[in-house]
Structures are given as structure tokens and as C-alpha cells.
Amino acid sequence: MNNFYKYLPTSPVDERWGIYVLNAGCNSISKHAAYPAPDHPDHHYFNWTNGRVLDEYQLIYIPRGAGKFESASCTQVDVKEGTILVLFPNEWHRFKPDEQKGWDEFWVGFNGSIIENLVRQDFLSPEKPTLHIGISETIIQLLSEIIERTREEKTGYQQLVSGMVFHLLGKIQSLEKERSFEPEDPTECIINKARIIFRTNIDQDIKVEKVTEELNVSYAWFRRAFKRYTGIAPNQYIIQLKIEKAKALLTDHSKSIKAIAFSMNFESAFYFSKLFKEKTGNSPEEYRKNLRDQQPIKNL
């Protein structure tokens, strides 16, 4: 995972929409690492001793690792992987990863009248700031898409990412209810962890054998279980993720094919183009040209 954060400006139009996004990011905290990192922005910095108070809502998802959380309305609790932390405006809080384990975190900060209404209707409560939803690739996808859109800041992005936040809130509510009725399947949990590792490291040279070591399962068992669960082998799943990410990058015409191949950690631009054509039927150049041809002609 590449660590990233961004704090965003908002306009009166954004605020009238009902939800507006203030920040988003992701971090991978290794064991024994300082937390928060020393380069964390001053206006959101805190330490465990003093905690902090924000004037916004935040959702923080912990898909890997463990730690602790405490707030003015919640006594100190253990945080395990698959937990959502909900931060509330003007509510003192503190949290940290376990020094022996570290954790991965994805977050989005937001405000707005729609969120305030959800709190008034008790869908979200400072008395219940930790929600255990388990390992969810869908949650990672939503948060990753929010991060990507805020990274680009294209026109109209605020309304797009605020809609994703509302979707995120609905998915969290759904997953929490499902888990209260259905026991967690150990095999499904392992597959979901693997898919999140694949997705969050898609720009790296992912070795499935190394992932199975991290998950404490044998490669042979994992490959059979993954294919039975998803319908495709792990390496093919990784290739599909890379191709889908490449498609998104190809929409940015300022990026060369070579730069995209390099950013996705392909061994060469030639290999990337060959694989892309095998999987999509078009070369990257043809795919990009088709996108351009499909764009509506603007009136002059």
C-alpha cells in the first residue's frame, strides 16, 4: 500500500449538497512505528496521551492488524482487523495500532446535514463508535475509489465522492447486520484478506507464495480454495485487477503507455501491451483511441 492523504477545500455549493468530503487517505503502519507519523498534518495530529477533538465525522477502516480505541462516550476497547472506527465532531477520542502488529487504515472525513440526520435518527451513535464488519473487499474498493477521486480533484468530484460516502455508510450498516446473524466463515475470511492484499498492492510485484505465508496457509490449499471461491486462480485474479486499473489510468491522456506500464510494475511496456490485448481484445493504444472516439463532440 502506498501511503496517501489529502485535505480538501469545499465550497458553499458542496456544503448545500448535504454531504461534503474533507479528507481521505490510507496508511500502512508497521510494528513499532511512530503513530501518527511525524509528517501527519498539524491540524489533525494527536498522540495517545492527549487524544484530540475534531470538528468533522470520520470513518476509519482497519482491514489488517490490531490496536486500541477510546472516546469520551466509549471506554477503551480492543480494535481487531475488520473494524470500522467512527469519529464524531467535538468528541474527544484516541486510537493507536498495537506495537507488535501495526495496522493498515483507510479513512474518509466528511460533514453535512445528511450525516447529522443519520446521527439524530440513531443510525450512528458516539456510544457505539466501533463497528465490526469483518474483512470486506467492497469497503476497500469504495474507500480506494474515494481516495483516487480526491487525488485527481476533477470537476464535480465532491458530489461524486460524497455519494460514495453515503453508499459506504449503507454498506457498513448492511455488513454489520449480516454479521450479527451469520457466523464468519474461516475460508471466506482468508480469501477476503488475500483479495484486499492483492488490491491494495496492485502496483507492486505481488508474489502469491509470500501472501500465503502472511496468511499462515499453504500455497496449494490457498490456490484450490481461492479458485473454488472466485472461479479463477490467484495469479489470474491479480492480472485482472492490474488490467482494470490500467483501463482507469488510460483515461488520463497525459500518461504515456510506458509510464502506465511502469506504474503498474509490468516488466516492460511491450509485455503490458501484449497482456492487455490478450485480456481485452485491444492494445492500450486502441483502447485509448476508442475512448476518445466515444467522447461527445463539444459545440463550438
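Yes or no: the range 197-205 includes at least one residue that is closer than 16 Å to Gly18 by Cα, open to solvent by less than 50 Å² (accessible area, probe 1.4 Å) and under 15 Å from the mean Cα position of the chain (by Cα). Break it down into steps so the answer makes sense when it comes.
To start, the set of residues in the range 197-205 that are closer than 16 Å to Gly18 by Cα comprises none.
Within the range 197-205, not a single residue is closer than 16 Å to Gly18 by Cα, open to solvent by less than 50 Å² (accessible area, probe 1.4 Å) and under 15 Å from the mean Cα position of the chain (by Cα).
Is it the case, given these coordinates, that Asp104 is in contact (Cβ under 8 Å) with a residue 12 or more places away in the chain, open to solvent by less than 50 Å² (accessible area, probe 1.4 Å), in contact with a Ser or Thr (Cβ under 6 Å, 6 or more places away or on another chain) and within 25 Å of Leu160 (Cβ to Cβ)?
yes
Which ones in the range 107-127 are small (Gly, Ala, Ser) and surrounded by fewer than 20 Cβ atoms within 10 Å (Cβ to Cβ)? Quick ask: steps written out before the conclusion?
Within the range 107-127, the first condition is being small (Gly, Ala, Ser), and the residues that meet it are 109, 112-113, 125.
Ser113, Ser125, listed by residue number.
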query: Of all the residues that make up the range 53-79, how many are out of contact with any Ser or Thr (no Cβ under 9 Å at 6 or more places or on another chain), surrounded by fewer than 16 Cβ atoms within 10 Å (Cβ to Cβ) and not acidic (Asp, Glu)?
result: 5
field: Among (1) at pLDDT below 90; (2) open to solvent by 50 Å² or more (accessible area, probe 1.4 Å) - the single one Glu286 does not satisfy
entry: (1)
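Do we find that Ser254 is of a type in the set (Ser, Thr, Tyr) and either closer than 17 Å to Phe272 by Cα or part of a helix (DSSP H, G or I) (or both) in this structure?
Taking the combined requirement at face value, the residue does not satisfy it.
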- prompt: Across the range 80-101, what is the number of residues that are more than 20 Å from the chain's Cα centre (by Cα), open to solvent by 40 Å² or more (accessible area, probe 1.4 Å) and acidic (Asp, Glu)?
  reply: 2
field: Single residue of Gln204, Gln240, Gln236 found to be out of contact with any strand residue (DSSP E or B) (no Cβ under 8 Å at 6 or more places or on another chain), within 24 Å of Leu143 (Cα to Cα) and outside any helix (DSSP H, G or I)
entry: Gln204
task: For the range 236-254, enumerate the residues that are open to solvent by 80 Å² or more (accessible area, probe 1.4 Å) and either over 15 Å from Leu291 (Cβ atoms) or touching a Leu at 6+ places or on another chain (Cβ under 7 Å) (or both).
output: Gln240
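Suppose we filter Ile257, Ile232 for residues that are open to solvent by less than 30 Å² (accessible area, probe 1.4 Å), of a type in the set (Val, Ile, Thr), farther than 22 Å from Gly134 by Cα and modelled with pLDDT of 90 or more; which single one remains? Before you say what the answer is, go through the steps one by one.
On the way: Ile232 fails: open to solvent by less than 30 Å² (accessible area, probe 1.4 Å).
Residue meeting the stated conditions: Ile257.
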Segments classed as helices (runs of 4 or more DSSP H), wholly inside the range 86-201, with at least 3 members that are aromatic (Phe, Trp, Tyr): 157-181
- request: Provide a single number: the residues in the range 13-58 that are in contact with a strand residue (DSSP E or B) (Cβ under 6 Å, 6 or more places away or on another chain) and within 23 Å of Glu81 (Cα to Cα).
  value: 13
- request: Give the number of residues within the range 1-42 that are within 17 Å of Lys96 (Cα to Cα), in contact with a helix residue (DSSP H, G or I) (Cβ under 9 Å, 6 or more places away or on another chain) and either assigned to a loop (DSSP other than H, G, I, E, B) or open to solvent by less than 20 Å² (accessible area, probe 1.4 Å) (or both).
  value: 3
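If the requirement is being of a type outside the set (Asp, Glu) and touching a residue at least 24 places away in the same chain (Cβ under 8 Å), which of these qualifies: Tyr219, Tyr287? If you could, list the steps in order and put the result at the bottom.
Details: Tyr219 fails: touching a residue at least 24 places away in the same chain (Cβ under 8 Å).
Selected residue: Tyr287, the only one of Tyr219, Tyr287 that is of a type outside the set (Asp, Glu) and touching a residue at least 24 places away in the same chain (Cβ under 8 Å).
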task: With respect to Glu267, determine if the residue is more than 23 Å from Ile139 (Cβ to Cβ) and loosely packed, with under 13 Cβ neighbours inside 10 Å.
output: yes
- line: By residue number, the members of the range 177-196 that are open to solvent by 90 Å² or more (accessible area, probe 1.4 Å) and either among the hydrophobic types (A, V, I, L, M, F, W, C) or touching a residue at least 60 places away in the same chain (Cβ under 8 Å) (or both) are Phe181
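The values are calculated or read from the model by the stated rules, or taken from the named source; none is laboratory data. If you're wondering where the values come from, they're calculated on a predicted model, not measured in any experiment. Note that each Cβ is placed from the backbone with ideal geometry, even for glycine, and that neighbours are counted across all protein chains shown. Calculation scope for accessible area: heavy atoms of the full protein, side chains included, ligands and nucleic acids excluded. Shrake-Rupley method; radii C 1.70, N 1.55, O 1.52, S 1.80 Å.
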